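J.: This is the structure I have questions about; it appears just below.
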Amino acid sequence: MRPATALLLASTMLAATPAFAQTAAPAADAAPDEATIVVFGRGETRQVQEIKAQEIVVLTPGTNPLKAIEKLPSVNFQSADPFGNYEWSQRVTIRSFNQNQLGFTFDGIPLGDMSYGNHNGLHITRAISSENIGSVRVSQGAGSLGTQATGNLGGTVETFSADPTGEMGAQGNLTYGSNDTVRAFARLNLGTRDGVRGYVSYGYGSTDKYKGQGKQDQHMGNAKVIVPIGEARIDGWLSYSDRREQDYQDMSMGMINRLGWDWDNTFPDYARAIDYASRLNDVDLVSNSGGSPFPDGRFDYSGASVATGQTYPGNVTSADDAYYDAAGLRKDWLGAIGLNTPLGEKATLNLKGYYHNNSGMGLWATPYVPSPNGVPMSVRTTEYKMDRIGAFGSVDFTIGSQNLNVGAWYENNKFNQARRFYAFSSRTEPGLSFRDYPKNPLLTKWEFDFTTATFQYHVQDKIDLGMVTINLGWKGFSVTNKAEAVVQASFPQGKIKAQDWFQPTAGFVVKVSPDAEVFGGFSQSTRAFASATTTGPFSTNQAGFDAIRNNLKPEESDTYELGLRYNTPVFSGTLGAYLVNFRNRLLAVQVGSAIQGNPSALQNVGGVRAVGVEAAGNLTLGSGFSVYASYSYTDATYRDDVLNGNGDLVAAIKDKTVVDSPKHMARGEFNFDDGQRFFRVGLNYMSRRYYSYTNDASVPGRLIVDASLGYRFTDKVEVQLNATNLFDKRYVGTIGSGGFGNSGDAQTLLVGAPQQFFATLKAGF
């Protein structure tokens, strides 16, 4: 056992000894929702859980709130970094549905699918600092009808900001840890409890990559204000984010076995990257003496005959084994203003408008496109610009035993996406940094303007019959996607629409005792198409798009749920089962390596059936001790083989397990908090995951242990220690970074972060 690990475990045990005990109120006296780690959706007709702010703040400051929800049943969260913030690696699936098939919101504001290069939103870590989060709510089914999302086939994740306290004061956090991780956060609280109140905050985080060389950092500013006007309330939000992260090398299992877990991009070894690219491009040493490539086809860069193929040094077998560098750069502004006001005695109006501006790019040093000055590689970018403006609102009516909610959402999204190439300065000096936005492209391969117009409405009726509560309702939407070429290549122009005006839901809750209830229901959901060249119907060529635009069906899911909830001050938990029928699955298969950017093929390829069991519970042991555990079993299989347009077999995947869908996930936490001292030990198990549709490529299961330990000197000053991957497990963190293929090993894996430690000082004034 490593000394740092032993020290943390010893400290954890010391914190629980009676010598340091502090009298605390009995946990049994607390309300269940306040004393538990996870709040289970009491009274909900579907599976719902909520993570409160106090569960997020014990994680390493700056941690992605999605990492906090990985403890919930059927939630598969994965990332290659300890904070869950590295966007290229971040993935979340629920009940076998991938991130593109889930709905994400922040204070009701739609975040799109939160995928890398998001075409219709932004990642939650660029919308709010973790210290300002009030709660995160997860619905493993289709989610609430009123959620602003047109892709929530498999669930919704709703994040809510904390309200200002109305007390003058300030808070500051300072974190330092492994790989020169530094994070500073400061928040100023203003106003009065019953009057105008608000806060402004600034956060900065920076960490070196844990393998290879490079840095990932972010500047984040948040501001929130609440203005009471009589019985009405106006609230406003503003955030700014500047995130820059150098990437890790995408791996395959073959590369891991051949090159090792610590293999990465060559940066800052520019000469080695030039060597690999030169060999790929057959740049002859003799003919290249003038500094320009003149491939003669007889000899490779090293002077060896190419009759038997190109050769590379060491265990490297291709230029794809190690690129020079890669990065993601993102700048975002997000603003919103909302109104909540009563309409008489029995109705309430909620309105909110928002605006989001994004600019950014993903950069990749590609050996497949040389610079015109003789450098055998260039910088390939995918560039993004987004302007979204939208509004949503609802009215709640109470009529006797019925609560009626009617609402609508509209958004206009203008999204520009381009593929450009930039030249390196010379064969000896790169002349640019992957942490800065490059200028003066040598080539714009393609550029498109996308316009997405979204209208959604919902109607929901909640009927309270005392022992029984019934939910009935539906939602509908129309989403029109339009692509116009600025610089056209092989990608298509045109318009496509997804429309489904009736997506019904029905559910019930039966209170079988004051502590127990049975719930169940049915929901139907449809997913709109994406507006981007890198995903969805516009990712093919013009001929392909023209062939599918009138026949392509949007994906749909039917979800059936049945479960039991139990809530007491000592124990709260849930046990449920579900069946999901997923229809019209869209499949786009990457052709060639991801860096080459070749058009993919898109078509409806059949359905998926998922059945599963979910269980979770909190147990309060007294004296500040508690235990949380969750388990989920998922059996998700493809119902059809993949056929091409002529009916020929492309991939025999019928009855195969859905990619990135582990059958078993189990989470456990042991917690202690006596008001002064606190600690937590968490276990996270995930079984085998497949990354080919035919299930011939997979990564094994893994068990990861995290821990935290803290001491509160006063109610305003505390120290906190966090350890991630406490026992330094070697494992694959993320699968599918480069997409999924039909069969075989692929360069689509990212190694999980090793053992890391962090210390934080928190102070309030």
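J.: Looking only at the range 456-495, filter to residues that are part of a loop (DSSP other than H, G, I, E, B) and either buried (at least 18 other Cβ atoms within 10 Å of the Cβ) or within 27 Å of the chain's Cα centre (by Cα) (or both); which one of those is modelled with the highest pLDDT? Give the derivation first.
T.: We begin by selecting, within the range 456-495, every residue part of a loop (DSSP other than H, G, I, E, B); these are 465-467, 488-493.
Checking which are either buried (at least 18 other Cβ atoms within 10 Å of the Cβ) or within 27 Å of the chain's Cα centre (by Cα) (or both) leaves us with 491-492.
Details: Phe491: 88, Pro492: 91.
Only one residue fits best here, namely Pro492.
J.: Take the conditions aromatic (Phe, Trp, Tyr), crowded, with 16+ Cβ neighbours inside 10 Å and in contact with a strand residue (DSSP E or B) (Cβ under 7 Å, 6 or more places away or on another chain) and apply them to Phe502. Does it pass?
T.: Judged against the criteria, Phe502 is not a match.
J.: Pick from Val316, Val306: which is closer than 29 Å to Gly260 by Cα, at pLDDT below 95, in contact with a Gly (Cβ under 9 Å, 6 or more places away or on another chain) and surrounded by fewer than 21 Cβ atoms within 10 Å (Cβ to Cβ)?
T.: Answer to the selection: Val306.
J.: Residues in the range 189-202: is at least one over 29 Å from Ala723 (Cα atoms), out of contact with any Gly (no Cβ under 8 Å at 6 or more places or on another chain) and assigned to a strand (DSSP E or B)?
T.: Yes.
J.: Identify the single condition in (1) in a loop (DSSP other than H, G, I, E, B); (2) touching a Lys or Arg at 6+ places or on another chain (Cβ under 9 Å); (3) over 25 Å from Asn684 (Cβ atoms) that Arg609 does not satisfy, given that it satisfies every other one.
T.: Arg609 satisfies all of (1) in a loop (DSSP other than H, G, I, E, B); (2) touching a Lys or Arg at 6+ places or on another chain (Cβ under 9 Å); (3) over 25 Å from Asn684 (Cβ atoms) except (1).
J.: So which residues in the range 315-372 are small (Gly, Ala, Ser) and not in a strand (DSSP E or B), if there are any at all?
T.: Ser318, Ala319, Ala322, Gly344, Ser371, listed by residue number.
J.: Hey, can you tell me all the residues within the range 57-112 that are small (Gly, Ala, Ser), assigned to a loop (DSSP other than H, G, I, E, B) and either within 12 Å of the chain's Cα centre (by Cα) or farther than 24 Å from Arg527 by Cβ (or both)?
T.: Once the filter is applied, which keeps residues that are small (Gly, Ala, Ser), assigned to a loop (DSSP other than H, G, I, E, B) and either within 12 Å of the chain's Cα centre (by Cα) or farther than 24 Å from Arg527 by Cβ (or both), the range 57-112 yields Gly62, Ser79, Ala80, Gly84, Ser89, Gly112.
J.: Please verify whether the range 431-438 includes one or more residues that are closer than 30 Å to Ser513 by Cβ, touching a Gly at 6+ places or on another chain (Cβ under 9 Å) and surrounded by fewer than 20 Cβ atoms within 10 Å (Cβ to Cβ).
T.: Within the range 431-438, not a single residue is closer than 30 Å to Ser513 by Cβ, touching a Gly at 6+ places or on another chain (Cβ under 9 Å) and surrounded by fewer than 20 Cβ atoms within 10 Å (Cβ to Cβ).
J.: Under the condition of being among the small types (Gly, Ala, Ser) and at pLDDT 95 or above, which residue from the range 103-128 is surrounded by the most Cβ atoms within 10 Å (Cβ to Cβ)?
T.: Going through the qualifying residues, I end up with Ala127.
J.: Oh, and also: Which residue pairs have Cβ atoms closer than 9 Å, lie 6 or more positions apart in sequence or on different chains, and pair a first residue in the range 192-213 that is without any contact (Cβ under 8 Å) to a residue 24 or more places away in the chain with a second residue that is part of a loop (DSSP other than H, G, I, E, B) and not hydrophobic (A, V, I, L, M, F, W, C)?
T.: Between residues of the range 192-213 that are without any contact (Cβ under 8 Å) to a residue 24 or more places away in the chain and residues that are part of a loop (DSSP other than H, G, I, E, B) and not hydrophobic (A, V, I, L, M, F, W, C), the close pairs are Tyr202/Ser129.
J.: Of the conditions (1) surrounded by 21 or more Cβ atoms within 10 Å (Cβ to Cβ); (2) assigned to a strand (DSSP E or B); (3) not polar (S, T, N, Q), Ile653 fails just one. Which one is it?
T.: For Ile653, the exception is condition (2).
J.: Is it the case that some residue within the range 247-256 is surrounded by 15 or more Cβ atoms within 10 Å (Cβ to Cβ), part of a strand (DSSP E or B) and either at pLDDT 95 or above or among the acidic types (Asp, Glu) (or both)?
T.: Yes, the range 247-256 has at least one match.
J.: To continue, here is another question. If the Cβ limit is 6 Å and pairs must be 6+ apart or interchain, which residue in the range 221-246 that is farther than 23 Å from Ile124 by Cα pairs with which residue that is hydroxyl-bearing (Ser, Thr, Tyr) and part of a strand (DSSP E or B)?
T.: Hits for this filter: Ala232/Thr341.
J.: Residue pairs, Cβ under 6 Å, 6 or more apart or interchain, first in the range 751-765 and closer than 19 Å to Leu703 by Cβ, second surrounded by 18 or more Cβ atoms within 10 Å (Cβ to Cβ) and among the β-branched types (Val, Ile, Thr). List them.
T.: What qualifies is Gln756/Thr724.
J.: Spot the failing condition for Met168; the list is (1) over 19 Å from Ala336 (Cβ atoms); (2) out of contact with any Leu (no Cβ under 7 Å at 6 or more places or on another chain), and only one is missed.
T.: (2)
J.: How about the range 192-216: which of its residues are at pLDDT 95 or above and under 21 Å from Gly166 (Cβ atoms)?
T.: Those that are at pLDDT 95 or above and under 21 Å from Gly166 (Cβ atoms): Val196, Arg197, Gly198, Tyr199, Val200, Ser201, Tyr202.
J.: For the range 701-720, give me each residue that is loosely packed, with under 13 Cβ neighbours inside 10 Å, hydrophobic (A, V, I, L, M, F, W, C) and over 23 Å from the mean Cα position of the chain (by Cα).
T.: If the condition is that a residue be loosely packed, with under 13 Cβ neighbours inside 10 Å, hydrophobic (A, V, I, L, M, F, W, C) and over 23 Å from the mean Cα position of the chain (by Cα), then Phe713 is the only one that fits.
J.: Output the residue which, of all residues in the range 166-181 that are polar (S, T, N, Q) and under 19 Å from Glu55 (Cα atoms), is surrounded by the fewest Cβ atoms within 10 Å (Cβ to Cβ).
T.: Looking at the filtered set, the residue picked out is Gln171.
J.: Out of the residues in the range 401-455 that are assigned to a loop (DSSP other than H, G, I, E, B), on the phi < 0 side of the Ramachandran plot and of a type in the set (S, T, N, Q), which is modelled with the lowest pLDDT?
T.: Taking the range 401-455 first, the residues assigned to a loop (DSSP other than H, G, I, E, B) are 401, 424-442.
Remaining after also requiring on the phi < 0 side of the Ramachandran plot: 401, 424-430, 432-439, 441-442.
Still in the running and of a type in the set (S, T, N, Q): 401, 425-426, 428, 433.
Working: Ser401: 91, Ser425: 96, Ser426: 95, Thr428: 94, Ser433: 95.
Out of the qualifying residues, it is Ser401.
J.: Let me ask another. Please go through the range 373-430 and give me each residue that is surrounded by fewer than 16 Cβ atoms within 10 Å (Cβ to Cβ) and acidic (Asp, Glu), ordered by number.
T.: Of everything in the range 373-430, those that are surrounded by fewer than 16 Cβ atoms within 10 Å (Cβ to Cβ) and acidic (Asp, Glu) turn out to be Asp387, Glu429.
J.: Under 7 Å between Cβ atoms, at least 6 apart or on separate chains: pull out the pairs that start in the range 167-189 with a residue that is free of Cβ contacts under 8 Å to residues at least 60 places away in the same chain and end on any residue that is assigned to a helix (DSSP H, G or I) and not polar (S, T, N, Q).
T.: Filtered contacts from the range 167-189: Arg187/Glu131.
J.: From the list Gly701, Gly733, exactly one residue is closer than 15 Å to Ser89 by Cβ and among the small types (Gly, Ala, Ser). Which is it?
T.: Sole residue among the options that is closer than 15 Å to Ser89 by Cβ and among the small types (Gly, Ala, Ser): Gly733.
J.: What about Ala453, is it under 30 Å from Ala547 (Cβ atoms), surrounded by fewer than 16 Cβ atoms within 10 Å (Cβ to Cβ) and either small (Gly, Ala, Ser) or touching a helix residue (DSSP H, G or I) at 6+ places or on another chain (Cβ under 6 Å) (or both)?
T.: yes
J.: Follow-up. Those residues that are in contact with a strand residue (DSSP E or B) (Cβ under 6 Å, 6 or more places away or on another chain) and either within 24 Å of Thr526 (Cβ to Cβ) or assigned to a helix (DSSP H, G or I) (or both), I need them from the range 122-131; list them, please.
T.: Leu122, Ile124, Arg126, Glu131
J.: Further question on the same structure: Working only within the range 132-173, note down all residues that are part of a loop (DSSP other than H, G, I, E, B) and under 22 Å from Asn413 (Cα atoms).
T.: Residues satisfying the conditions are Leu145, Gly146, Thr147, Gln148, Ala149, Thr150, Gly151, Asn152, Leu153.
J.: If you go through the range 519-546, how many residues are among the aromatic types (Phe, Trp, Tyr) and assigned to a loop (DSSP other than H, G, I, E, B)?
T.: Summing the residues that are among the aromatic types (Phe, Trp, Tyr) and assigned to a loop (DSSP other than H, G, I, E, B) in the range 519-546 gives 1.
J.: Failed condition for Val732, given (1) surrounded by 18 or more Cβ atoms within 10 Å (Cβ to Cβ); (2) of a type outside the set (Phe, Trp, Tyr); (3) within 17 Å of Thr694 (Cβ to Cβ), with all others met?
T.: Only one criterion in (1) surrounded by 18 or more Cβ atoms within 10 Å (Cβ to Cβ); (2) of a type outside the set (Phe, Trp, Tyr); (3) within 17 Å of Thr694 (Cβ to Cβ) is unmet by Val732, namely (3).
The values are calculated or read from the model by the stated rules, or taken from the named source; none is laboratory data. Bear in mind that the values here come from a model prediction, so they are computed numbers and not experimental data. As a convention, Cβ positions derive from the backbone with ideal geometry for all residues, glycine included, and neighbour counts pool all protein chains shown.
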